[in-house]
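The values are calculated or read from the model by the stated rules, or taken from the named source; none is laboratory data. As the structure is a prediction and not an experimental result, all values here were calculated from the model. As a convention, Cβ positions derive from the backbone with ideal geometry for all residues, glycine included, and neighbour counts pool all protein chains shown.
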Amino acid sequence: MVAGLTDGITKVNSDFVEEIKGKEGLLKLAESIKQFGEMHSNAGADYYAVTSVCNGGLYDADFGWGKPIWISIGNGSADLPMLTNVIFLMDTPSGSGVEAWVTLSEEDMAILECDPELLSSASLDPCPLLS
């Protein structure tokens, strides 16, 4: 794993940065992310990646039209295997809790959504726009 990480880091050099500039840059970057995901896909192993931006001040950002009322991590794609089995933690808009954005296979998500322990301590897909 360390060798793979080292290899990946060395590929992000000034040549790579120049390649992702310009009109075709986004496509090049997306292809690199896809290759990374395929290289590190689960290959039959059960794994879950967890990351957090709690206390990161995301709700304090103001780009001139006021502070955000709800922040999302974007729309993951089934075409990018590295976005499967990811749990992304962030503050709630009120700052009094934690949201967990979870990406799982349909089968695993169906199991999670019915888990009594989870349901006893969390709510599924609450919309802060309604509160």
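With the requirement that a residue be charged (D, E, K, R) and surrounded by 11 or more Cβ atoms within 10 Å (Cβ to Cβ), what does segment 94-125 give you?
E99, D108, E113 - these are the residues of segment 94-125 that are charged (D, E, K, R) and surrounded by 11 or more Cβ atoms within 10 Å (Cβ to Cβ).
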Exercise. When residues of segment 22-60 are filtered for being exposed (fewer than 12 other Cβ atoms within 10 Å of the Cβ) and modelled with pLDDT under 75, how many remain?
Worked result: 8
For this session: Name every residue in segment 101-112 that is part of a strand (DSSP E or B) and hydroxyl-bearing (S, T, Y), in order of residue number.
Result: T103
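For every residue, the table says whether it meets (1) modelled with pLDDT under 85; (2) within 24 Å of G66 (Cα to Cα); (3) in a loop (DSSP other than H, G, I, E, B).
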position	(1), (2), (3)
I87	no, no, no
E99	no, yes, no
E117	no, no, no
P126	yes, yes, yes
Exercise. Within segment 90-108, which residues are over 15 Å from S52 (Cβ atoms) and not hydroxyl-bearing (S, T, Y)?
Worked result: P93, L104, E106, E107, D108
